[in-house]
Each structure stands twice: as structure tokens, then as C-alpha cells.
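Visitor: Quick one: structure below, then a few questions.
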Amino acid sequence: MKMAKKLLALVLTGVMAMSVLTGCGSTASRQATGKLEGMLKEANPKATVEVGSETLANMAIDAATENGKLQTPASAKSSIRTALQNAKKDEYVWYTYFKAEGKNETDKAQEISKVVLTKDGKAINSSEVLNAYSLNSKGYKPGDEFVLSMKEFTIGTGKDAVDYVMVVVTCKAVEVSK
């Protein structure tokens, strides 16, 4: 019986260690999430932001880069839009990327909030989300629960290296009450 308890304790310790090691997002992502949530709460007191996996940010990075170089802004925008629209058809999606140099977590959160909160920050797939719910004649809008996927990446090498941050924010659609 004692051996079974020790074995169970060891297994549970292993499970807990794995859950810590596979936690979503980096420390920078978690810090930016807290700052972003505060900024979003100014516009929507019910807003929450969670750190998601880096999967969507990695997809956007892959779409925006070619042979280790950043595509032209127009090409990157088109490639990122296509990649993210195909990844999330039932959630609103916003993205941005910017140079990381000299930006603290508050600066990063401000860059992200500009995309999510401004009129020009309409989700890249607004019409697709609405089409996904087109069988229902009711209106839909972004909800209060946002998920942040953020990843730093480097373009170039040596003294020519430039660090960027890729950010993707998603939010489920909620029905507009009339």
C-alpha cells in the first residue's frame, strides 16, 4: 500500500511538472496580457484576456516571412490574412506585428490595443464570422473574452538582425441582444 501511494505521488508530481513546463505563452506574453486587459477594460469593463498558445502567432510569422526575410507590408498583410482566416473561421481575429526594440510590456499592449479598439481595427475576418452564423438572422459582435497569441521573431543575422513581435488576438462571436 505504501508503495502504491509513493508511485501515485510520483505520477502526480510528473503530471504537475509537465503542466508547468507546457504552460501557454512566454513571460512576456503573460505580462503584455495583463496590460492589454487593463486597456481593454477601459472600453469594456467585462473584457478579459488570456494567454493562448503561440500557434497562431507562428502561423502569422510563417505567412509574413519568406526565406528568412519579411515580405513587403502589402504581401505580408495578404499572406497573414489568408493564413489566419483559414485557421479561425468562427472567431474574430486581429493581428499586428512591430519592431520589439525599445518596447516594454506596456508599449506592446498599446500597439495591440490600437488594433483591437480602433475603428480601423476591424477584425480581419468580420464578414467570414458573420457568414458562419448566417443561418441565424440575429446580429453578432466580438465577445468579452480575448485570447492573445504572441511570439517574438528575428529577421536577419548579426548586426543586421531586427527583432519583431507578432501578435494575434482572437475572440468568439456573441449574439447581439436587441
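The values are calculated or read from the model by the stated rules, or taken from the named source; none is laboratory data. Everything quoted here is computed from the prediction, not taken from an experiment. For accessibility, only protein heavy atoms count, side chains too; no ligands or nucleic acids. Shrake-Rupley method; radii C 1.70, N 1.55, O 1.52, S 1.80 Å.
Visitor: For the stretch 51-130, which whole-number percentage of the solvent-accessible area (1.4 Å probe, protein heavy atoms only) is attributable to carbon and sulfur atoms? Let's see the in-between values first.
Guide: Details: 2040 of 4330 Å².
Carbon and sulfur: 47 percent of the exposed surface of the stretch 51-130.
Visitor: Straight distance only, please: which aspartates and glutamates reach the Cα of Lys89 with their own Cα at less than 12 Å, same-chain residues fewer than 8 apart left out?
Guide: Cross-link targets: Glu128.
Visitor: Something else about it: Using 30 Å as the Cα-Cα cut-off, could you pick out the over-long pairs in Lys108/Lys159; Lys77/Lys141; Lys41/Lys69?
Guide: Check vs 30 Å cut-off fails for Lys41/Lys69.
Visitor: For the stretch 92-111 and the stretch 43-83, what is the centre-to-centre distance using only Cα atoms, to the nearest Å?
Guide: Value for the Cα centre distance between the two parts: 11 Å.
Visitor: Next question, about the same structure. How much accessible area per residue does the stretch 40-84 have, in Å², with a 1.4 Å probe?
Guide: 58 Å²
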